[in-house]
Amino acid sequence: MNAHTFPSIALAAVKMIPRLPRFLRSNLKLARAKHSDIGSTALFLEKAAAAHAERDFLVFENERYSYGQFNRWANQIARVLEQKGIKRGDCVGILFENRPALLACVFAVNKLGAIAGMLNFKQRSEVLEHSVNLVKPKLVIVGDECAETWRSVTTPEYASLPRLRVADAVTVPVTDADDLMALAAQCDEHNLPYSQSICLGETCYYVFTSGTTGLPKAAAMTHLRWYKAGVGFGQMALGLKGSKGKQHDTLYCALPLYHNTALAISLSCVVLTSATLALARKFSVSQFWRDIEKHQATCFSYIGEVCRYLLQAPAASQDSNKSIRAVIGNGLRAEIWDDFQQRFNIPRICELYGASEGNVGFVNAFNLKRTVGFSPMTFAVVQFNVDTEEPVVTNDGYCQRVVKGEVGLLLTEVSRKAPFDGYTNKEANQAKLLHNVFKPGDCWFNTGDLVRDQGFRHIAFVDRVGDTFRWKAENVATTEVEAQIQTISGIQEVVVYGVQVPNADGRAGMASLVVAPEQAFNPVEFYQGLKAKLPDYAIPLFLRLSPEHEVTTTFKVMKTQLKQQGYRVVNAREQVFVLLDKALGYEPLSTSLLQRIERGQVRF
């Protein structure tokens, strides 16, 4: 946003007049919802099934499930779990890929007042054991496709957990555990009584952080936050409709269901509007638009990397789609926003912001550009010291808000209406809370994110704390440097971070690049391109050329490993370059030059 923000919002507000009643109703629901209210994912599914029993709830490949049919299926699974001793407050680990049975198991667990521990099927051995230890399940449900993954858990305490299996038509059958669906088929399909007493404030899921900066943490997701996501994102922002006049919405989701954008946003948006969810087993660039057409999807959910992959794909006839009216997700970068919207003919982009463990959500309800939107909750953007990685405090010990247009640390107030659900680890919880921020006794959640205050209660994401670094007395936001590098032809992937060099304050910039296979990398031309786009202090001093980046299942680069490697060559398939002479541009980092840098004989 810039000086023209006000006219943009004013125009958007005028266009929003027809949707104003829905906007106000949604905000009223959000304001009224309390921890103590009766409500759960299970109860909302049951209500939708009672009102729209024959309406499609879920489509997956060539399978279709109505609301009534799916609810009955979840009831049967819940009764099996009840027979196995699962009760209110217990955790049930769930480990398999996207498919209808996974969602049925999640709802079944919640129907008992229990908690679904959404294990990441890409994890193995010690990392998976770490995740299991965080949520301490009483029982684990494992899809046949993840049987080998579960066998990597060797610690007796976890390997001996009671287990149920769920068959998968595309994998070899496993026979070392009871077949959950065979047992469920013999059970009563009527609603269980527990959903009538479960409160919104109770926990429904444990979801894990990506682990890009260390071992994953388990964040607690309550029914209240799930409900608020469905109201705020599904009803207010997207305006999903189950069936009204000629409009029936189908939301397409190709994101893994252990990720909050899928489980807590896509799913809640659909259930709370009685729309239809089109689920993919996994994201595929080549299959994405074919699925949109096949399922006649009107909306889809995304994360930023999905948008980038779709935009990098060769132009195709499906690009100018005729069915998508709105999309929702997070991480769409400003530099590709317009290209993405125009190429794929997307009228509304509901970019949002919300952390798995956080207590606030922002959404671009006014359909503006390059913003995560606004939030009705209480938040503050405060001055932040990048060197110390601490908020700046005044002489009286309190934080200071930034002025409009400045970048600062995003804090959100912890209160009765906006509680902090946090992690399963109490020590990790305390590390995220700040006390006496603006007055004695107050409490605020530290999001760990640097954002720009755009005015009118709008913000734009800038960087993560710890990613932004200081060099030559200037703050360097890694996301902004990455954005400029990605505009250079031939660059497929880039991640920017700071590295320590001898005899220098702050951190020097380094970029790890994946270059298109058909593109010859010219370090001199690359430097000239950066020089035209970035100030001197923001130009990376080191480059690493890699054939690929190791990423999480949500396509986030494992940045911690790159930081640990620094500017040393660790792989014969990689090359490292250094910028010593700006007249010459980047040059290969030889062994002798590396030794001189490490001895402090080279000054930057």
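The values are calculated or read from the model by the stated rules, or taken from the named source; none is laboratory data. Computed from a predicted structure; not experimentally measured. All Cβ positions, even for glycine, are placed from backbone atoms using ideal geometry, and neighbour counts span all protein chains on display.
Being at pLDDT 90 or above and of a type in the set (V, I, T) narrows it down to one of V386, V382, so name that one. Break it down into steps so the answer makes sense when it comes.
Numbers: V386 fails: at pLDDT 90 or above.
Residue meeting the stated conditions: V382.
Looking at segment 293-335 only, could you name the residues that are more than 25 Å from Q235 (Cα to Cα), under 21 Å from the mean Cα position of the chain (by Cα) and not charged (D, E, K, R)?
Across segment 293-335, the qualifying residues are Y309, L310, L311, Q312, A334.
Inspect segment 296-314 for any residue being out of contact with any Phe, Trp or Tyr (no Cβ under 6 Å at 6 or more places or on another chain), farther than 17 Å from I324 by Cβ and not in a helix (DSSP H, G or I) and give the result as yes or no.
Yes: segment 296-314 contains one or more residues that are out of contact with any Phe, Trp or Tyr (no Cβ under 6 Å at 6 or more places or on another chain), farther than 17 Å from I324 by Cβ and not in a helix (DSSP H, G or I).
Condition check: in the same structural domain as L562 (by TED's automatic domain parsing), aromatic (F, W, Y), out of contact with any Cys (no Cβ under 6 Å at 6 or more places or on another chain) and in a loop (DSSP other than H, G, I, E, B). Does F521 satisfy that? Walk me through how you get there before you give the answer.
On the way: in the same structural domain as L562 (by TED's automatic domain parsing): yes; aromatic (F, W, Y): yes; out of contact with any Cys (no Cβ under 6 Å at 6 or more places or on another chain): yes; in a loop (DSSP other than H, G, I, E, B): yes.
Yes; evaluated as a whole, the condition is true for this residue.
Which residue is surrounded by the fewest Cβ atoms within 10 Å (Cβ to Cβ), if the candidates are limited to segment 564-587 and must be among the acidic types (D, E) and within 16 Å of R603 (Cα to Cα)?
D581
Run down C146, C204 and say which single residue is touching a residue at least 24 places away in the same chain (Cβ under 8 Å) and farther than 26 Å from Y227 by Cα.
Result of the check over C146, C204: C146.
With (1) of a type outside the set (K, R); (2) closer than 16 Å to L579 by Cβ; (3) touching a Ser or Thr at 6+ places or on another chain (Cβ under 6 Å) as the list, and V499 as the residue in question, which single condition is left unmet?
Evaluating V499 over (1) of a type outside the set (K, R); (2) closer than 16 Å to L579 by Cβ; (3) touching a Ser or Thr at 6+ places or on another chain (Cβ under 6 Å) leaves (3) as the failure.
Can you tell me how many residues in segment 80-96 are over 19 Å from V135 (Cβ atoms) and buried (at least 20 other Cβ atoms within 10 Å of the Cβ)?
The qualifying residues number 1.
Across segment 376-417, which residue is nearest to R32 (Cα to Cα) among those that are in a strand (DSSP E or B) and of a type in the set (S, T, N, Q)?
So in segment 376-417, the residues in a strand (DSSP E or B) come out as 379-382, 384-385, 390-391, 393, 399, 401, 407-413.
Next, only the ones that are of a type in the set (S, T, N, Q) stay: 385, 412.
Values: N385: 37, T412: 19 Å.
Filtering first and then ranking leaves T412.
Going through E357, E335 one at a time, which residue ends up being in contact with a Ser or Thr (Cβ under 9 Å, 6 or more places away or on another chain), assigned by TED's automatic domain parsing to the domain that holds F57, among the acidic types (D, E) and in a loop (DSSP other than H, G, I, E, B)? Step through it out loud before you land on a result.
Details: E335 fails: in a loop (DSSP other than H, G, I, E, B).
The unique qualifying residue is E357.
Would you mind listing the strands (runs of 3 or more DSSP E) fully within segment 84-201 where at least 3 residues are modelled with pLDDT of 95 or more and within 24 Å of T552 (Cα to Cα)? Lay out the reasoning, then the answer.
Working: elements: 91-95, 115-118, 139-143, 163-166.
Correct list: 91-95, 115-118, 139-143.
Residue under question is G506, and the condition is that it be assigned to a loop (DSSP other than H, G, I, E, B) and surrounded by 19 or more Cβ atoms within 10 Å (Cβ to Cβ); does it hold?
So G506 fits the description; yes.
Residue by residue, here is whether (1) farther than 17 Å from V569 by Cβ; (2) touching a residue at least 60 places away in the same chain (Cβ under 8 Å) holds:
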{"residue": "V499", "(1), (2)": "no, yes"}
{"residue": "N503", "(1), (2)": "yes, yes"}
{"residue": "N522", "(1), (2)": "yes, no"}
{"residue": "F526", "(1), (2)": "yes, yes"}
{"residue": "D536", "(1), (2)": "yes, yes"}
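Just to be sure, is V106 in the same structural domain as G232 (by TED's automatic domain parsing), touching a residue at least 40 places away in the same chain (Cβ under 8 Å) and closer than 30 Å to H248 by Cβ?
yes
Would it be correct to say that A538 is surrounded by 20 or more Cβ atoms within 10 Å (Cβ to Cβ) and hydrophobic (A, V, I, L, M, F, W, C)?
yes
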